[in-house]
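Structure, as structure tokens:
The values are calculated or read from the model by the stated rules, or taken from the named source; none is laboratory data. On a predicted model such as this, the values are computed, not experimentally measured, just so you know. Cβ placement follows ideal geometry from the backbone for every residue including glycine, while neighbour counts extend to all protein chains displayed. Surface areas here come from the heavy atoms of the whole protein model, side chains and all, with no ligands, DNA or RNA. Shrake-Rupley method; radii C 1.70, N 1.55, O 1.52, S 1.80 Å.
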Amino acid sequence: MQRYSGFGLVKHALSHHEHWERQWRNPTPKKQYDVIIVGGGGHGLATAYYLAKEHGITNVAVVEKGWLGGGNTARNTTIVRSNYLWDEAAALYEHSMKLWEGLSQDINYNVMFSQRGVLNLGHTLQDMRDIQRRVNANRLNGIDSEVLDADGVQKIVPILDCSKRARYPVMGASWQPRAGVARHDAVAWGYARAADALGVDLLQNTEVTGFKIRDGQVYGVHTNRGDIEAKTIGCVTAGNSGVLAKMAGFRLPLESHPLQALVSEPLKPILDTVVMSNHVHGYISQSDKGDLVIGAGIDGYNGYGQRGSFPTVEHTLQAIVEMFPIFSRVRMNRQWGGIVDTCPDACPILSKTPVKGLFFNCGWGTGGFKATPGSGHVFAASLAKGEMHPIAAPFSIDRFHSGALVDEHGAAGVAH
Amino acid sequence: MFQIYCPYCEELREEEEFHPKGQAHIVRPANPEACSDEEWGDYLFFRDNPRGIHHELWVHAVGCRKFFNVTRHTVSYAILETYKIGEQPSVTAEPAVSESTTSTDDVRQGVRA
Amino acid sequence: MSESALSRVNLFDSRADHASVAVESPLAYSWQRSGAPAPSAASRVVLREQTFLGHLILRGGAIVLDEALREVLDIGLPGRPNTLSWDVSGERSIQWLSPDEWLLIVPGGEAFAVERRLRERLADASFAIVDVSGGQTLLTLEGEAVPELLMKSVVYDVDPSHFPVGKGVNTVFAKATVIVRRSGETRWELVVRRSFADYCYRWLLDAGEEYAIGVER
Ligand SMILES: Cc1cc2nc3c(=O)[nH]c(=O)nc-3n(C[C@H](O)[C@H](O)[C@H](O)COP(=O)(O)OP(=O)(O)OC[C@H]3O[C@@H](n4cnc5c(N)ncnc54)[C@H](O)[C@@H]3O)c2cc1C
Ligand SMILES: [Zn+2]
């Protein structure tokens, strides 16, 4: 792999950037691998990378039906934070946060991770009580988290309407300074390039259409490019996980919903942090290109259409204008949707399944981008050892039968 | 944007008047106390979530406020029919393609999550 | 016959006229705060609140309710969805809200007596009557620009060709909900909930400005 560096950039400038090598190969599928990862989104690619890097398992294929990172990874609004309420979730997201902090160096790819802080606004007394509880829990878990009052919020975001005139006046917020945003495509590309360099085959335009299962043990997949065999398979297919589970003969407690986001025309720098409000129901940040990146809730019905409905966009923009009257005349450029796999307790599923050798990593719903490095890291360890990593263990499918749910609806509030 | 035919109002109405309420025809176990953890968990949390034809419950929240059923395609979003509570769908899915492509040597023993 | 049924409900006259408490319509606050532009020759929409009418919600089977209503008020229950009908005087109306629910509106002061007589007549049938007079109010909108005004406000198709006289629907109005009804060629009605009343009123003034909306008091 050609290392990226400042010098490299200068060197390639001399030849008009015409001689960069391809970021990854385009291999023909082998008949057999040690591990197959289904789904070439951020989580799948990170899993493949850590399998190769940390566990020396390099005979790995990532099977992706479209192009790498073309799923929710390339459609999300890139908020990264770890201020979740329960110990199990906090451990998972904080593990991820720590990996984010060294990620660009680790994979030699600038993922533009920017720790510009995230505010979760409170607009009611109950919001503030919940915020206090969550912040206290975060601190006990060693996660940087503070409670701010309205003045404190106003200092960080002067353009936010913190006046008493607002329909839902801002009473305060939780503030996580280490939180922020990253460049979503770069995360997928960076992991892809690093995994490829370690020998992982990235198979694009290869759709899994069924599983090969014998005596309750998986031994391969059917694809549109022929069968590929492996005794360990990790399914990391976000909104399509229910479809894949059905192919393997079981059900998941998931619903696939459209989640949409939109961006404005580019503006000069005006918002240097991330503002989220569960109550007014919207969130916003500004990308390095200058567009305002906006999102909010899922459409309530199940859908695989990768497009959202108009009432939902309207509702989202009303929330943004309510919080930021200054944006009321900004024009929106693009709007799109992803398919998010929502789980009843707003936590992911990292689990073995009734089929031996077949593991699932899904259920991240509206908020899994922030977990990309951590999810890949613990899932790779689980695939390598055949046993769930301790951080992943609480997120087994069994919890929906045992009742040991990890309810993060509060912290996951406005879909992000 | 949906226009949904409410079987009680007997006309097409705008999406904003409705709320979706998830999978339809889920039968509550007659005797919850007698359920195993598996059965109760399946009832509470496990849903069909098909990529294709889906029977779902909607409520005409800002109209007649009645619940009713919708058969809808989850990829094209086409609404194939709406029908009253207590009625059965007339449009149903063909056996899913994915099932037929799974190898014949599959044994589905103990396959339930 | 009706003693048993009657004795199970706590029936009382909810109108405060008799007491020394001043009655206030849901729009009392708005009149003071948001003003009321007087109608002029240019007004293509004129708004008026029909204050203190009696609003009763009737629930039950269509057949029994229909019989009772014919007997008590001489109006037939509209059986078709999204329709309403009036008695000969035009002062009393009954509107289909859902397959087992109707809204009966009678002149102010009548609700208590009508409810009592309906209860007596319905006796042991399965039904419910709730007096919601204090919870909502009726606004009339008169003028040729009313459909245009409504088109900006509700999601329902109010084109007169789709919304004949005698139609009434519950629908989304701006960010609230209202009942929209058409009671004449150029006369429409909105049934507005008390908690949304000021919001809807101000919305109407704002949306109606281009039609020189006037308020008759
Ligand atoms: C609009 C929107 C905003 C969001 N905002 C945020 C946010 O601000 N912060 C945050 O943390 N999270 C956010 N999320 C959630 C986040 O995007 C996801 O949780 C995360 O990206 C999931 O990554 P993944 O790799 O698991 O899934 P994906 O990136 O969706 O990858 C799954 C891949 O599987 C492939 N696949 C599916 N079926 C098959 C098959 N049969 N064979 C082969 N391949 C298959 C798909 O093509 C896809 O590429 C948002 C999501 C959306 C849609
Ligand atoms: Zn209806």
Worksheet, complete the sentence: Once normalised by the length of segment A:302-392, the mean sequence separation of its alpha carbon contacts under 8 Å that are 6 or more apart gives a contact order in percent of 21 percent
Practice prompt. Find the Rg to Rh ratio for chain A, where Rh is the Kirkwood radius over alpha-carbon pairs and Rg uses the same atoms.
Written response: 0.97
Worksheet entry | Relative contact order of segment A:215-281, defined on C-alpha pairs under 8 angstrom at six or more residues apart (%) | 16 percent
Worksheet, complete the sentence: Computed from the beta carbon distance with a Förster radius of 45 Å, FRET efficiency for residue A:126 and residue A:10 to the nearest 0.05 stands at 0.20
Discussion item. Sorted from largest to smallest, which semi-axis lengths in Å does the alpha carbon gyration tensor of segment C:25-216 give for its equivalent ellipsoid, taking the root of 5 times each eigenvalue?
Written reply: 30, 17, 14
Fill in: Bridge type composition, the protein assembly as shown - antiparallel percent by DSSP, nearest 5
80 percent
Worksheet item: So for segment A:1-150, taking the charge dipole from beta-carbon charges (+1 Lys/Arg, -1 Asp/Glu), which of A:19, A:118, A:42 sits furthest toward the positive end?
Response: A:19
Discussion item. Taking each pair of distinct Cα atoms in segment A:31-127 once, what is the resulting Kirkwood hydrodynamic radius in Å?
Written reply: 15.9 Å
Discussion item. Could you put A:268, A:231, A:289 in order of accessible surface area, largest first, with the 1.4 Å probe and the full protein assembly present?
Written reply: A:268, A:289, A:231
Fill in: Contour minus Cα-Cα distance for residue C:70 and residue C:86 (0.36 nm per residue)
4.6 nm
Worksheet item: Between residue A:22 and residue A:409, how many nm apart are label points set 7 Å from Cα along the C-beta direction?
Response: 4.8 nm
Item to complete: Whenever you get a sec, compute what percent of the accessible area on the protein assembly as shown sits on carbon and sulfur atoms (1.4 Å probe).
Response: 52 percent
Discussion item. Give me the one-decimal nm value for the distance between modelled label points at residue A:1 and residue A:30, 7 Å along each residue's Cα-to-Cβ direction.
Written reply: 1.9 nm
Worksheet entry | Straight-distance crosslink candidates among lysines, where the alpha carbon sits under 18 Å from residue A:370 and sequence neighbours closer than 8 are dropped | A:98
Worksheet item: For chain C, what is the accessible area per residue in Å² when the probe is 1.4 Å?
Response: 46 Å²
Discussion item. Can you list residues from other chains, or at least 5 along the same chain, whose modelled amide H is less than 5 Å from the amide H of residue A:286?
Written reply: A:273, A:293
Worksheet item: For the protein assembly as shown, what is one quarter of the convex hull surface built on the Cα atoms, given in nm²?
Response: 38.9 nm²
Worksheet item: Which of these, A:18, A:88, A:387, has the largest mean-square fluctuation under a Gaussian network model of chain A (Cα springs below 10 Å)?
Response: A:18
Item to complete: Give the interface area between chains A and B as buried accessible surface, both sides summed, probe 1.4 Å, in Å² to the nearest 100.
Response: 3500 Å²
Worksheet, complete the sentence: In whole percents, the bins of 5 Å from zero upward hold the Cα-Cα pairs of segment A:151-236 as 3, 10, 12, 12, 10, 8, 6, 6, 7, 8, 9, 7, 2, 0
Worksheet entry | Label point at residue C:29 placed 7 Å out along Cα→Cβ; residues across segment A:170-205 whose backbone nitrogen lies under 20 Å | A:170
Item to complete: Express the relative contact order of segment B:3-108 as a whole percentage, based on alpha carbon pairs under 8 Å and six or more residues apart in sequence.
Response: 24 percent
Fill in: Degrees between helix C:111-122 axis and first principal axis of chain C (Cα, 0 to 90, nearest 10)
40 degrees
Fill in: log₁₀ of I(q)/I(0) at q = 0.11, 0.25 Å⁻¹ - segment A:77-143, Debye sum with one point per alpha carbon
-0.32, -1.12
Discussion item. Which one, C:35, C:179, A:380, is farthest towards the positive end of the dipole of the protein assembly as shown when Lys and Arg carry +1 and Asp and Glu -1 on their Cβ?
Written reply: A:380
Worksheet, complete the sentence: Taking every DSSP bridge whose two residues both lie in chain A, the antiparallel percent to the nearest 5 is 70 percent
Practice prompt. Could you state the accessible area per residue of segment B:3-108 in Å², with a 1.4 Å probe and every protein chain left in place?
Written response: 52 Å²
Worksheet entry | Loss of accessible area when C meets B, both sides summed, Å² nearest 100, probe 1.4 Å | 1200 Å²
Practice prompt. Could you pull out which residues in segment A:65-98 have an amide N less than 13 Å from a spot 7 Å beyond the Cα of residue A:116, following the Cα-Cβ vector?
Written response: A:78-80
Response to the item:
For segment C:112-217, using Cα atoms only, the Rg and Dmax in Å read 16.2, 53
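What translational diffusion coefficient, in µm²/s and rounded to a whole number, does the Stokes-Einstein relation yield for segment A:292-377 at 20 °C and a viscosity of 1.002 mPa s, taking the hydrodynamic radius as the Kirkwood radius over Cα pairs? Mind dumping the intermediate values first?
Numbers: Rh = 15.4 Å.
Rounded to a whole number, D works out at 139 µm²/s.
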Item to complete: Divide by every residue of chain C the summed helix terms, -39500 (n - 2.57) for each DSSP H run of at least 4, and state the resulting mean residue ellipticity at 222 nm, rounded to the nearest 500 deg cm²/dmol.
Response: -8000 deg cm²/dmol
Worksheet item: Spin-label point model (7 Å from Cα, Cβ direction): what's the residue C:59 to residue C:113 distance in nm?
Response: 2.8 nm
Fill in: Degrees, to the nearest 10: A:310-323 long Cα axis against longest axis of chain A
50 degrees
Item to complete: Taking amide H positions as placed in the peptide plane 1.01 Å from N, state which residues far from residue C:173 in sequence (5 or more) or on other chains have amide H under 5 Å from it.
Response: C:178
Practice prompt. As a check on your grasp of the helix formula, calculate [θ] at 222 nm for chain A: sum -39500 (n - 2.57) over DSSP H runs of n ≥ 4, divide by the residue count, round to the nearest 500.
Written response: -9000 deg cm²/dmol
Fill in: Choice from A:72, A:278, A:205 showing the highest fluctuation, given a GNM over chain A with Cα pairs closer than 10 Å
A:205
Worksheet, complete the sentence: Here the Kirkwood hydrodynamic radius of segment B:3-108, Cα-based and in Å, equals 15.8 Å
Worksheet item: Expressed as an acute angle from 0 to 90° and rounded to the nearest 10, what is the orientation of the C-alpha long axis of helix C:194-208 relative to the principal long axis of chain C?
Response: 30 degrees
